[in-house]
Amino acid sequence: TKKFTIKSWRNLIVTNEDGSGERYFESDGVKAVHAKKEWLPAPKPRKLANVPGPSQASAGEELSFPIADANGPQTIGFSPNENFMSFGRRVNTYAAYIKPVEESYKKTLTVRRYSVVSKVLLREILPEDLEAAKVKPLVVLPQVGNNLQDHIVVRVEPFTVTDQHYTWSLQRNLSFSDLDQLLYEGKGYAIITPNGFSYITSQRAKRENPNWPDLQIIFRFHRPNDPFLGCDAALGRPYSQGTLRFNSSAIGFEDNNLPISDPQYFTHPNDVDAIIEVIEFCFKVFEGTQAFKNIGVKFVDKPIEECKDMVFRSKDYWTCYIQHRTMSMWHASGTCRMGKLNDRDGSVVDSKLRVHGVRKLRIIDASIIPRITNANIAAPIPAIAEKIAANMIEEYSSCSF
């Protein structure tokens with residue numbers, strides 16, 4: 001949030017975190033403090049070497065990378081894994097926010113899931129699309145539905161190892177003691193999560209800020225079935241932008257084909273180069289560091305069927321591989337971007353997420369993010385909601401009814 005020019009959005013994330021309460025470090029005058037006794041549990045990260053598998057920490061040190069705090073100020077480095085977890089179980093926003101309120105106000109509050117509010121659904125639709133569907137637009141905001149951004153990831157695997165003690169497979173290794181640890185202590189190897197992360201800066205991003213990572217590696221040593229190591233290569237700040245449009249041929253709002261999402265992945269050629277950079281960094285870690293050489297890590301030497309005519313592991317091969325093996329991380333953002341009215345890039349909502357030109361209508365979700373965050377949006381979205389909830393409470397508490 002420090003990157004936003006709107007001051008009211010700075011230093012926001014810690015308000016919704018229930019963490020260790022420890023200060024990890026300071027950078028550029030910004031204190032990186034993990035809050036405690038708030039809503040979402042973000043427990044103190046496990047040490048990098050505290051799970052099966054080679055030590056990413058050692059590999060990072062060999063490559064001259066620091067150990068970073070994933071939720072601290074922006075920096076390159078290797079980081080432990082952090083999740084919204086409590087006692088070994090995943091905690092989602094329903095459990096953290098809605099369920100406690102439901103239980104406190106059982107007689108006066110009803111939360112309806114899967115309800116459709118048709119007029120709000122139209123917020124991401126262009127006027128011409130509505131007219132084609134014979135729907136009269138309430139307000140014309142040309143930017144609506146543009147600026148669609150998403151995180152994408154390419155899974156690079158399998159990496160085999162000669163010493164199977166450094167991998168952990170649910171099918172092969174799960175024991176009663178693992179289950180006991182999970183059920184009664186909320187910890188242990190049976191918690192299947194990524195083992196850690198690495199954040200690096202691509203060549204193109206270094207021109208903007210060398211310490212603001214745009215590439216991410218997700219290390220995977222826990223596997224449900226297979227005793228392999230895996231590397232997920234993710235693009236944190238894509239340049240490609242897509243659109244979200246209205247299907248004017250849809251019969252009604254119950255039609256499953258109502259929205260037309262066109263993410264336009266890799267329409268900016270630099271995104272391909274950036275993904276290839278992070279794939280090559282995966283190999284630099286797994287094949288180029290002593291930490292992984294010591295356990296005999298080796299990448300499978302067989303090309304995928306769709307790219308078998310390319311020179312294996314060449315740039316052309318990876319370009320082909322990316323086209324067939326890229327996945328969404330389900331972090332779609334930006335189609336109702338926040339900004340000033342009539343700003344250069346076009347915006348839909350102001351800094352309090354009020355829709356320009358419409359009274360008593362706000363948009364409070366990932367669509368308001370002007371530029372997608374360079375990592376998971378699971379923390380920013382509750383933070384956005386908390387901020388606007390606080391704004392609304394302050395605004396309406398001063399009103400007389």
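Kindly check whether there is at least one residue in segment 44-61 that is surrounded by 21 or more Cβ atoms within 10 Å (Cβ to Cβ), at pLDDT below 75, out of contact with any Cys (no Cβ under 7 Å at 6 or more places or on another chain) and hydrophobic (A, V, I, L, M, F, W, C).
Yes: one or more hits.
Considering segment 213-252 alone, what residues qualify as being at pLDDT below 90 and more than 30 Å from V135 (Cβ to Cβ)? Give the derivation first.
Here is the first cut: in segment 213-252, the ones at pLDDT below 90 are 219-230, 245-252.
Listed by number, the residues that qualify are F219, R220, F221, H222, R223, P224, N225, D226, P227, F228, L229, G230.
Among the residues of segment 272-282 satisfying the criterion of being acidic (D, E) and under 21 Å from the mean Cα position of the chain (by Cα), which is surrounded by the most Cβ atoms within 10 Å (Cβ to Cβ)?
Result: E277.
Which ones in segment 154-205 are at pLDDT 80 or above, surrounded by fewer than 17 Cβ atoms within 10 Å (Cβ to Cβ), among the polar types (S, T, N, Q) and farther than 26 Å from H324 by Cβ?
Scanning segment 154-205 gives T162, S175, S177.
Among the residues of segment 121-130, are any exposed (fewer than 11 other Cβ atoms within 10 Å of the Cβ), assigned to a helix (DSSP H, G or I) and either out of contact with any Gly (no Cβ under 9 Å at 6 or more places or on another chain) or at pLDDT 80 or above (or both)?
No, because not a single residue in segment 121-130 is exposed (fewer than 11 other Cβ atoms within 10 Å of the Cβ), assigned to a helix (DSSP H, G or I) and either out of contact with any Gly (no Cβ under 9 Å at 6 or more places or on another chain) or at pLDDT 80 or above (or both).
Which of (1) exposed (fewer than 12 other Cβ atoms within 10 Å of the Cβ); (2) at pLDDT 80 or above; (3) part of a loop (DSSP other than H, G, I, E, B) does E103 not meet, given it meets every other one?
(3)
Return the only residue of V300, V285, V311 being touching a residue at least 40 places away in the same chain (Cβ under 8 Å), farther than 20 Å from Q149 by Cα and either acidic (D, E) or surrounded by fewer than 15 Cβ atoms within 10 Å (Cβ to Cβ) (or both).
From the options V300, V285, V311, the qualifying one is V300.
The values are calculated or read from the model by the stated rules, or taken from the named source; none is laboratory data. The model shown is predicted, which means the values in this text are computed figures rather than measured ones. Quick reminder, even Gly has a Cβ in these numbers, built from the backbone with ideal geometry, and neighbours come from all protein chains shown.
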